[in-house]
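Take a look at the structure set out below.
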Amino acid sequence: RRARYTSADDAMILQLKGQRLSWSAIAEQFPGRSAEAIQVRYQTNLKTAEEWEVEKICGKDRREDGGWKLLVKWKGEEEI
């Protein structure tokens with residue numbers, strides 16, 4: 001059984017995810033923990049309800065600058 005995540009671990013996960021690193025790159029900072037385990041920790045304990053709602057509405061598409069791609073359909077028009 002692995003050691004519990006500390007508040008410092010959680011802060012580091014949030015910081016590295018904020019830098020838009022891949023899960024495997026983040027896992028390199030946590031010897032003995034897999035990328036999948038860290039992703040589960042993030043999604044079940046650290047990700048905010050607001051982030052979940054944005055992904056639900058926008059999907060996982062991001063713009064090149066890191067912002068969200070909002071796809072809006074207007075009646076009779078194409079997606080923008």
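None of the figures in this text is laboratory data; all of them are computed from the coordinates on show. Because the structure is predicted, anything quoted here is derived from the model rather than measured. Please note: Cβ atoms are built from the backbone with ideal geometry, for glycine as well, and neighbour counts cover all protein chains shown.
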>> Can you give the local net charge around TRP23? Use residues other than it whose beta-carbon is closer than 9 angstrom to its beta-carbon, Lys and Arg +1, Asp and Glu -1.
In response: 0
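On full extension of the chain, what length is gained from ALA25 through VAL40, given 0.36 nm per residue of separation minus the C-alpha to C-alpha distance? Don't skip to the end; give the middle numbers.
Values: separation 15, 0.36 × 15 = 5.40 nm, distance 1.51 nm.
Extending this stretch completely gives an extra 3.9 nm.
So, counting K/R as plus one and D/E as minus one, what does the shell of residues with Cβ under 13 Å around ASP10 add up to?
With Lys, Arg at +1 and Asp, Glu at -1, the neighbours total +4.
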